[in-house]
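Participant: To start, I am sharing the structure in question, which I have written as structure tokens.
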Amino acid sequence: MKIKPMLARLQGTLGQRNLVEQMLLLPEPEVSAAANFQSQELAQESINLMVGYTGSPCSQTALDLTFWMAHQTRLATQKQVTVHVVYVVDEVATLTKTTRSNSKGNGGRQLLHASKTERSSTATLTRPETPFEQADRILWQARCLAEEWRGSLNTHLRIGNCAEELKQVAIAESADVLVLGCRSVRHPLISQWSKGFPCAVLGIPTIANLDL
């Protein structure tokens, strides 16, 4: 699947120019003639759009743009279009946060004069959100935002290195494009894919105040 027609449709809808130059962070990988023919045959059946989502304002824009591209592509091609929303829990950050939580919990044992009710209330009010609870909340938010789109949506929770996990999902789901909430090829994620990525990677355009 070629990414330029998809961006051309989005460009027309937004009334903006040079979206390709603004959004394309990594081009589609070059493939052999035989592999290209096979991919075109598979593309006749379905189209898979993927978005890295963290719940941040920039990733929210990326999600909105992905839904728009999915909707337009479905209308233009009459094909099944699936949006894959991927949230990656950083393994190192998870271990660090868990260690800190345990440390705070051990310190709390020194409050020997507090009643059981007081300790229970304090724990309920101050207990930090675990990485997995945060991930579940963020993916639930994405599913709620997708209700208006009324298309096919899959959510993925992965644990590990963000760049590697996104790459693995792109391969497993035969993604046609990955959309990220960043604007520069100098973003750390993009630099980690210097040796190639299985599909085109898009960022969000530099234009402000997108009314989607």
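Participant: Show the residue pairs meeting these rules: Cβ distance below 7 Å; 6+ apart or different chains; first residue within segment 65-81 and assigned to a loop (DSSP other than H, G, I, E, B); second residue among the small types (Gly, Ala, Ser).
Facilitator: Every condition considered, the pairs that remain are Lys79/Ser46.
Participant: Take the conditions among the polar types (S, T, N, Q), modelled with pLDDT of 55 or more and either assigned to a strand (DSSP E or B) or farther than 30 Å from Ser194 by Cα (or both) and apply them to Thr117. Does it pass? Steps first, please.
Facilitator: Working: among the polar types (S, T, N, Q): yes; modelled with pLDDT of 55 or more: no; either assigned to a strand (DSSP E or B) or farther than 30 Å from Ser194 by Cα (or both): yes.
When the stated conditions are applied, Thr117 does not pass them.
Participant: Working carefully through the options Gln60, Gln40, find the one that is assigned to a helix (DSSP H, G or I), at pLDDT below 90, out of contact with any strand residue (DSSP E or B) (no Cβ under 9 Å at 6 or more places or on another chain) and within 24 Å of Ala172 (Cα to Cα).
Facilitator: Working: Gln60 fails: at pLDDT below 90.
None of the other options fit; the residue is Gln40.
Participant: If we keep just the residues of segment 1-30 that are of a type outside the set (A, V, I, L, M) and touching a Ser or Thr at 6+ places or on another chain (Cβ under 9 Å), which is surrounded by the fewest Cβ atoms within 10 Å (Cβ to Cβ)?
Facilitator: Among those residues, the one meeting the criterion is Pro5.
The values are calculated or read from the model by the stated rules, or taken from the named source; none is laboratory data. Predicted model, so just to flag it, every value in this text is computed and none were measured. Here Cβ is always computed from backbone atoms with ideal geometry, including for glycine, and neighbour counts include all displayed protein chains.
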